[in-house]
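Here is the structure we will look at.
Any read-out appearing in this document is the output of simple, stated calculations on the displayed coordinates, not a laboratory observation. Computed from a predicted structure; not experimentally measured. Note that we place each Cβ from the backbone using ideal geometry, even for glycine, and neighbour counts take in every protein chain shown.
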Amino acid sequence: MLKLTLKQQPTVPLEAENISPDVTAGLANDAIRALHVHHGKRMCRLDEFFDVEGETSDDLEIHGDASRVKLIGRAMTRGRIKIVGNAGMHLGAYMKGGTIEVTGNASDWVGAEMTNGLIRIAGNSGGQAGAAYRGSLAGMKGGTIIIGGNAGLEVGMRMKRGIIVVKGLVRDFAGLQMKGGTLFLLGGAEIRTGAWMFRGTIVSLHPLKLLPTFAASCAYNPSFLGIYAKHLATLGISIPHEAKDGAYHRYCGDSSVPGHGEILIWKGLATSVP
Amino acid sequence: MTLTIVKNATCTFCGCVCDDIELHADGVRIVETKRACSLGESWFKNHTAEHLYPDALIDGHPATVDDAVEAAADYLLNADMPLVYGMSNITCEAQREAVSLAELIGGVIDSHTSL
Amino acid sequence: MLRITGGKVYDPANNINGVIKDICIDGGKIVADVDGGRTIDATGMIVFPGGVDIHTHVAGGALNFARALTPENQRVAAKFMHTKTTRAGIGGPTPTTFATGYLYAGMGYTTVVEAAVPVLSAKHTHEELRDTPIVDKACMLLMANNEIMLDLLEKGETERAKDVVAWLMWAAKVYGIKAVNPGGVTAWKWGKDCKQLHDPVPGYGKVTPGQIIGSLAQIVDDLGLPHPMHLHCNNLGAPGNVTTTLETMKCLEGNRAHMAHLQFHAYGGDDWHTMRSEATQIADYFNAHPNLTCDAGAVLFGNSVTITADGPWQHLLFQLTGRKWGNLDVENETGCGIVPYTYKGSNLVNAVQWAVGLELLLLITDPWRIFLTTDHPNGACFWRYPEIIHLLMNADFRKERVKKLPAKALQRIVLAELDREYSLYEIAIITSAGPARALGMKQKGNLGVGADADVAIFNQNPDGEHMFRYPRYVIKAGEIAVEEGDIKNVHDGREFVVKPVYDEKIEDFLRPVFQQQYTMSFENYPVELERVHGLEIV
Amino acid sequence: MIYWGGNPAECHPRHFTKYSLMQKGKFTPNGRKDRTMVLVDIRETPSAKAADLFLQIRPGKDFEMLSALRAIVKGQRVNEETVAETGLTVAQLQDLAAQMKAARFGIIFFGMGLSMTRGKHMNSAQILMLAAEMNAFTKFVAMPMRGHGNVTGADVVMRYTTGYPFGVNLCRGYPRFNPGEFSTVDLLVRGDNDACLVLGADPGATMPQPAIDHLARIPTITLDPKVTHTSRLSRVHITTAVTGISAPGTAYRMDEIPLPLRPALKSPYPTDEEVVRRIRQAVARRPAWLPGRNGKAAI
C-alpha cells in the first residue's frame, strides 16, 4: 500500500490528477515524489505537498485534510484510493473502475461523468455528484456513488446509468434532466427533484415536494426494488421492499419535457399524497 | 464659455446602451443631456472631468500611477492563482487587454455574468 | 530575404506543374531573384501557394454565440497553450480567434474568407478578425434578406438598390456580397420559409426569391466587384432540393455567381427516408455553365456545430435532433441559427451527405470552378481538410471507405463508381489558385513575381492526409510563420475591403428609412475605418 | 411580449419606448396598439401599468410555473394543486399559453428577478427552452435583460478570446470553464485566490461578507473612476476615466450589437484600457510565467 500524507495545506487549490493508481502503480517512490501537481498556476512536485511512504501498488491511501486537493483519481481504471480525511472537487471524475473511499467530506463533482467503479463518501458531498459537466449530454454512465451524509445541488444531473445513494438530505434539482439510472434519496430532498427528467428512477424514503409537472400514477410494491435491495445490501444499505412495508407512491414526469421518468416515494413515511 | 456638443453619444449605464443621446459639456461637466432617461441623465451628470481623487493609492497612500502599475504587476505575477474580476463597466478594448493580462499572469478571469 | 530551393513547385496560375525551381522572396512579395538572405533547402518537398479558404465561418456574432452554446466541445478540443509567442486558445468546431489563425497557418492556409456578416454586427466581426493572427482575411456581407433592399426590389427601384448595396458594403467594410436563403430568412421572422423560388416572400406582395437572386447577381456584376455574388440557395439540406438548385442556377444565366457549399443543395428524394444523391444532375448542368463557380461544402463524420443565417432550416434541425438550438434575429438584416450536430457514418442521410460532397468534387470536371470547403463548421471543421484531400487523391482508399457505409446508402450514391484521382496540381488549384481567382485576388494563390509571398512547403508523402496536415514550412508575407508544426512568427494578417462607387446622395434616402426601422443611430452604424486592422482597400 | 422578473419601467426606462413596446414598426404600424404585453413578477411594479396582463406569482415559484407552462403548451397534464401554489391557476396558464400561440411574433424578456432567485441559471434555461419550443407553433424568441452597461461586451470578448463566456481559468495555460468552481463569488468565499484585480466593479459593496473578507486578506488591486468600498480594502487603487463619458471605446448592447462610445469630457485620469495595458507591459518586462506542459485536460 502506498501512503501519501498531506504535509502542507495548499494556499490555493491543488490539482492532482496524478494521484491515481493508474499513474502511481509500478513507479518507484522517488518517481512518485517527482510527479507533477498544479498549485494554482505553478507546476510543482508532489512531494512539496505530500510525504510518500510505503510500497507502490494499486492501493493508495491519503491522509490529511485534502479538501483543497482537486481531481484525485481522475479517470482511474483500477485499484483503490482511500482518503482518511476530506477530498476536494472532481474526486473520481471520469472514473472507469476501481474504488474510492472517503472517511470525511467530499466537495462538488464527485464521480462526474464516471462510467464504472465505486465511490463511497462517509460524510457530506457537494453538488453535482455523478453529474454531467456543463454542456455535456450525459452525466454518469455507470458505477455507484454512495454518500453517507448530505449532498448539494444537481446530484445525478443528466445521469444515464448507474446508482447514486444519498443517506442524508439533498438540495435542489436532484436528478435534474435525468436520462436513466437510479437515484436513491434516503434522507429526502429539498425542491425541484427530477426536474426535466426523461427517464430513470428516483426513489425517496421521505415525502417530496414535487413539481406540478409530475402526475400521480399509482401506489404499489415495485418488484424490481428487490433486485436493487439485494445489491445495496452488499454495500450495507437497506431499503424497504418487502411485501409488508415496500409500498411506494409512483409519480411520472417531467411532463414539461415531456419525459417518462418515475419518482417513487415510500408510503411508510408519506402520510398524505404530496 | 462655449459648449461642446456631442451627438449620437452612447450611454453605458444599463444594458440598453442607447446611442442617440446628445450631450452638452462645458469642459468640466456635462450640463445637458437630450433623450437620456432619468437614470442616464444622472449617470452623465454625476461624472466630471475634475481631479477629485488621487491618481492612485498604494496601501491607502497617494502614489503615482507608474508606481501603482508596478506594484500591481508584482502582486499579480507573484500570486499562484490571481483573479481578474468585474469588466462590466469598462470598454471592450479594456476587456480585451484584461484577457491578455489574465493569460500572462496565469489567472482566472470572470465578469458579473457569473453572479 | 528568402530563397526556397530544390522543391517541386506547383503553381497552377502560372502553369507550373511540379517543376523544380527556386522561389525568391523579398519585402513580403515573390521576386525574380534575391542576393543573400536565408535559403530553405526544399529538396524532396513540394511547394504550394498558401491555401485560400473561400467559404468559412471563423468570426462574428453567430460563431461567437456557438462558442457559448457548446462548452462540451471546447472541453475535449485541442488546447493551445500560452507560450512566449502564442496566445492561449481552444480548437474544436468553434476555435477561439487566436487558435483559428494558428490552425489555418498550421495547415498551410494563409487567406480566409468569413462568409456571413450582417452590417449591424460587422464591427464585432472585424474585432474578432483583428485577433485572428497570421492569415489574411476578407468578409462577405449578408444582403438577400435586408428589408431596405427587399422594399426597393418590391418597388422595382433597382438603380437605387445598387447604390444602397454599395453604401452598405462600404459601411460594413467587406469584400463581397453573400445571399443566404433569399427571402427565407425574412420569412423566418414570421416563423415561415421560402420553399418556392417564384412565390412571393411572406410579408411582401411581389418580390420572390428568384427575383432577389437575379437582381442581386446583376447588382454585383454592375458594381464590378472582384468576387461574384456568393449564394447559399433556398431549401438547404432538404431532400429533393436539387430542383430548387437547378432553378436557381437558371435564374443566374447571364450573370456570374458563386454557389456556396453545393453539397447541401444536391439531394434528390421526397423525404429523409428516400433521400439520395443528385450530384450527377447538378454536375452536368454546372459543367455546361461557365458563369458559375462553387465550393464543395463537404461533410466528414464526427462532431460539429451547424451555424447558418438560414434560420428556418436550423429550427427544423433542432426539431430533428432534439439538441440545443440558438437563434439570432438581426433586426432588419438577417437571422441565424445554431445547432450542435454529429454526422454519423451509420446514419443513412449523413452517409449520403458525405458521398455527395466527394461526388461533386469528382464529377465537376474543371478544378478551377470547384473549391475545397466544408462550410466550416457546418459540414466538418476546416482543420480536417487534409482528410478530404486524401480521399480525393486516392481512389482505392476512398472505395474502402465507401464500403463501410450502410448498404442502403450505396444505392443512393454514385461515389463507388468514380475512379478519378486528383493530382497534386489539381489539389493546388482547388485549395489555392482556384479560390484566389474566383475571389479576384490576383496577389493570392500564385507564386508569380509580384504575388504575396504566402507559401506552403510540404514533405512529399504518398499519404495525402499526413502530407497536408503537417507542412514543413509555412511562409506568410515573406516570414516563416510555421516550421515543423511550431508557430514561429506571429504577426497580424491584413483585411481586404472593397470600396464600390456609389452616389453620395443615397445617404439622404437611407437616413430617414434607417431612423424609422432601426434601433441604432445612423451615424453609429458604419464600421469606422480604424476599426479594421490591417485594412487594405481593393 | 412577455416581461418576466424584470421592471423595465424603472431599471431600463427607455426599453418600452425605444426598443420594444411603443415603437411603430413596418408590421406594427400602430405601435403599442398592435402589441400585447404580459408582465410576470412577484409584485406589482410600475411596469405593471404598461401591461395588458399582469400575472403575480409567489416568490421563488418561477421554475414551477415555467414547468407547468411548458407542459401546458405541449398539451401535457399538470397537477392543479401544485400549480396553485405558484399563485396562479391552471386556467390562467392555459390562457397565457393560448395567447402566446396566437401571437405572430412573440418575445420573452427575462430579468434578474428570474435569473438571480433560487434556481438561477436553471430558471433562465427553462425560459429559453420554453421560447425554443414555442417555435413549433409560432415565431418566438427570448432575451435576457442585462443590467450593467457593458457586461454583454465582457461575455463577447471572453468568448472569442477564450472560448467561454465567463469564469475562465487560465492557470494551466489554456482556458478552462466550470461555473461554480471558477466563478468569482465561489472562489472568494472558498478563499481560493491569492490576489485579485478588480476592474470597474465594487464587490466590496455587493458581495457576501466572507468574499469581502477574503478580498481584504489578499492583495487586491482596483481600477475605478472613484475611490470605492473595494478601493478602501485594496493594496492598490488606480483612478481611471469614466467609460463613455471620458473614455472612448466600444460597448455592447444587451442584444450583442457593438456601439461606439463618444466621450464628451476629457479626463485627467488614464483610461482602464491604458492602465490594464500598462500593467500587462509591466508584467511582460518581468521574468515570464509559462505554464508547465503537463499532460491532458484536467476537466
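Springs between Cα atoms under 10 Å define the GNM used for chain A, and in it the highest mean-square fluctuation of A:Ala131, A:Ala31, A:Ala112 occurs at A:Ala31. Residues whose amide H falls under 5 Å from that of D:Ser183, counting only those 5 or more places apart or on a different chain, are absent, with hydrogens built in the peptide plane. Computed from phi, the 3J(HN,Hα) profile of segment C:230-246 under the Karplus parametrisation 6.51, -1.76, 1.60 (θ = phi - 60°) reads 9, 10, 9, 5, 6, 6, 4, x, 8, x, x, 6, 4, 4, 4, 5, 5 Hz, with x in place of Gly and Pro. Note on the protein assembly as shown: Kirkwood radius taken over Cα pairs, Stokes-Einstein applied at 25 °C and 0.890 mPa s, translational D equal to 77 µm² s⁻¹. Average projection, convex hull of the Cα set of segment D:2-144: 7.8 square nanometres.
Annotation: amide H of A:Phe184 within the under-5 Å range of A:Ile164, A:Val165, A:Val166, A:Val203, sequence separation 5 or more or interchain, hydrogens built in the peptide plane.
Based on the Stokes-Einstein relation at 4 °C and a viscosity of 1.567 mPa s, and on the Kirkwood radius from alpha carbon pairs, segment C:178-277 is assigned a translational diffusion coefficient of 94 µm²/s. Across all Cα atoms of segment B:4-46, the radius of gyration (one decimal) and Dmax (whole number) stand at 9.3, 27 Å. If you count the DSSP beta bridges with both ends in chain C, what percent of them are antiparallel, to the nearest 5? Rounded to the nearest five, the antiparallel share is 55 percent. Computed from backbone phi with θ = phi - 60° and the Karplus coefficients 6.51, -1.76 and 1.60, the 3J(HN,Hα) list for segment B:62-76 is x, 8, 7, 4, 4, 5, 5, 5, 5, 4, 4, 4, 4, 4, 6 Hz; x is used for glycine and proline. By the equivalent-ellipsoid construction on the alpha carbon gyration tensor, segment C:409-530 comes out with semi-axes of 42, 25, 16 Å, ordered largest to smallest. Counting only DSSP beta bridges with both residues in the protein assembly as shown, the antiparallel share comes to about 45 percent. Cα-based values for segment C:63-204, radius of gyration first and Dmax second, are 18.6, 58 Å.
If both residues of a DSSP beta bridge must be in chain D, then about 20% of such bridges are antiparallel. For segment C:311-365, the relative contact order is 25 percent, taking Cα pairs closer than 8 Å that sit 6 or more residues apart in sequence and dividing their mean separation by the residue count. With a cut-off of 8 Å between alpha carbons and a minimum separation of six or more residues, what is the relative contact order of chain C in percent? Reported relative contact order: 21 percent.
In whole percents, the pair-distance distribution calculated for segment C:89-145 from its alpha-carbon pairs, binned every 5 Å from zero, is 4, 19, 28, 25, 14, 7, 3, 0.
Past the 28 Å Cα-Cα mark, which pairs from C:Lys178/C:Lys499; C:Lys155/D:Lys101; A:Lys160/A:Lys209? Violating the 28 Å limit, Cα to Cα: C:Lys155/D:Lys101. Ranked for footprinting exposure by Cβ neighbours inside 10 Å, fewest first, D:Met129, C:Met143 give D:Met129, C:Met143.
For A:Met43, nonlocal amide neighbours, meaning residues 5 or more places apart or on other chains whose placed amide H falls under 5 Å from its own, are D:Gly292.
Taking the square roots of 5 times each eigenvalue of the Cα gyration tensor of segment A:45-176, largest first, gives ellipsoid semi-axes of 24, 15, 12 Å. The value for chain C of Rg(Cα) / (2.2 N^0.38 Å) is 0.92. Shown here is the pair-distance distribution of segment B:56-114: with all Cα-Cα distances grouped in 10 Å bins from zero up to the longest one, the shares run 21, 44, 33, 1 percent.
Considering only A:Lys70, A:Lys82, A:Lys244, the mean-square fluctuation computed in a Gaussian network model of chain A, springs between alpha carbons under 10 angstrom, is largest for A:Lys244. Take the Cβ-Cβ distance between C:Lys505 and D:Arg32 as r, set R0 to 25 Å, and report the resulting FRET efficiency rounded to the nearest 0.05. About 0.10, to the nearest 0.05.
Here's the list of aspartates and glutamates a cross-link from C:Lys84 could span, going by alpha-carbon distance under 20 Å and ignoring same-chain residues fewer than 8 apart: B:Asp74, B:Asp80, B:Glu97, B:Glu103, C:Asp131, C:Glu479, C:Glu483, C:Glu484, C:Asp486, C:Asp492.
Considering only alpha-carbon pairs that sit under 8 angstrom and 6 or more positions apart, the relative contact order computed for segment D:151-285 is 17 percent.
Taking all C-alpha pairs of segment D:151-285, those more than 25 Å from each other amount to 33 percent. Whole-percent P(r), chain A, all Cα pairs, 10 Å bins from 0: 8, 31, 31, 18, 9, 3, 0.
Taking Lys and Arg as +1 and Asp and Glu as -1, the other residues whose beta-carbon sits under 12 Å from that of C:Phe318 total +1.
Near A:Gly40, once Lys and Arg are set to +1 and Asp and Glu to -1 for all other residues with Cβ below 12 Å from its Cβ, the sum equals +1. Summing Lys and Arg as +1 and Asp and Glu as -1 over all other residues whose Cβ lies under 14 Å from the Cβ of A:Ile191 gives a net charge of 0. Taking A:Phe49, A:Phe173, A:Phe184 as the candidate residues, the one with maximal mean-square fluctuation in a Gaussian network model of chain A, Cα springs under 10 Å, is A:Phe49. Estimated purely from DSSP H runs of n ≥ 4, each contributing -39500 (n - 2.57), the mean residue ellipticity at 222 nm for chain D is -9500 deg cm²/dmol once divided by its residues. Given B:Lys7/D:Lys24; C:Lys173/C:Lys206; C:Lys29/C:Lys173, which pairs have Cα atoms separated by over 29 Å? Check vs 29 Å cut-off fails for C:Lys173/C:Lys206.
Phi-derived couplings, Karplus 6.51 cos²θ - 1.76 cosθ + 1.60 at θ = phi - 60°, listed residue by residue for segment C:398-414: 4, 5, 4, 5, 4, 4, 7, 6, x, 3, 4, 5, 4, 6, 9, 10, 10 Hz, with x used for Gly and Pro.
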